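Here the structure is laid out as structure tokens; the discussion comes afterwards.
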Amino acid sequence: MAEREVDRSVSQTVKAQLALRDQILSGALRPGERISELQAVETTGASRTPVRMALVRLEEEGLLEAIPSGGFMVKAFSERDISDSIELRGTLEGLAARFAAERGVSARELEPLKECLAAIDELLRQMPISVDAFSSYVTLNARFHAVLTELSRSPPLIRQIDRASALPFASPSGFVMAQSALPEAQQILIIAQEHHRVVIDAIENREGARAEAVMREHARLAVRNLRLALRNRTHLDLLPALALIKTATD
């Protein structure tokens with residue numbers, strides 16, 4: 001009975017965490033807006049203990065900031081904050097690619113990466129790329145990065161990559177949907193796909209330094225996407241969370 005209660009509490013915490021995160025990233029909760037525990041209970045439908053844990057986890061993710069008088073506040077982010085988070089994720093993914101190359105990966109283990117590559121190639125043949133195709137790209141790109149991470153065979157590194165990717169806007173597909181409305185979209189996706197192709201080749205040929213360098217450069221494309229998205233805020237409907245990011249001119 002006690003074990004079932006613990007499982008139920010954990011499930012409620014995750015549910016509350018996801019619900020509150022969605023409210024922040026959808027723009028329903030604005031930068032600087034205060035969130036009380038009671039308010040979070042009402043909006044998520046979870047009980048107080050799971051909500052309290054969910055708020056703490058969102059603070060750890062960097063989306064909320066604790067207020068000394070009680071409760072939490074939705075954080076705003078600088079462009080540098082986001083760039084640093086993306087750089088961190090890219091550094092860790094580069095290490096994962098190097099481990100995969102140096103430790104060796106079989107043809108069978110590489111197959112899921114090559115399947116993602118082929119599926120993305122098919123999407124890129126569409127001219128222009130539709131919003132639906134971008135949505136499919138997000139899924140395939142996330143899978144590519146997840147499989148690559150697993151090939152490192154390093155549980156400590158995998159945990160750190162997961163943590164880095166959970167930082168606000170740091171995930172591999174963080175700005176893809178906002179990018180879909182930009183005229184530079186096709187060119188950036190083609191470059192990203194070439195990075196995918198090269199890192200597979202580097203891992204296959206056990207070229208660790210090359211694999212690492214490619215993945216670090218690959219992450220910097222996300223920084224480029226960030227800057228393009230911030231200059232084209234007319235498409236906030238595709239990524240309302242851009243409102244959380246302050247630029248130097250704000």
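Values in this text are rule-based calculations from the coordinates and carry no lab data. Everything quoted here is computed from the prediction, not taken from an experiment. Reconstructed Cβ throughout: ideal geometry from the backbone, glycine too, with neighbour counts over all protein chains shown.
Structural remarks
- Rounded Å value of the spacing that divides the Cα centres of segment 15-43 and segment 58-123: 23
- Applying the Karplus relation 6.51 cos²θ - 1.76 cosθ + 1.60 with θ = phi - 60° to segment 135-147 yields 3J(HN,Hα) values of 4, 5, 4, 4, 5, 5, 5, 4, 5, 4, 5, 5, 5 Hz, where x marks Gly and Pro.
- Two-site FRET efficiency, residue 201 against residue 59, from Cβ-Cβ distance with R₀ of 35 Å, rounded to 0.05: 0.25
- Along its three principal directions, the equivalent ellipsoid of segment 31-124 from the Cα gyration tensor extends over semi-axes of 40, 18, 15 Å, largest first.
- Taking a ≥ b ≥ c as the square roots of the eigenvalues of the Cα gyration tensor, an a/c ratio of 1.5 or more together with a/b no larger than b/c marks segment 69-156 as oblate.
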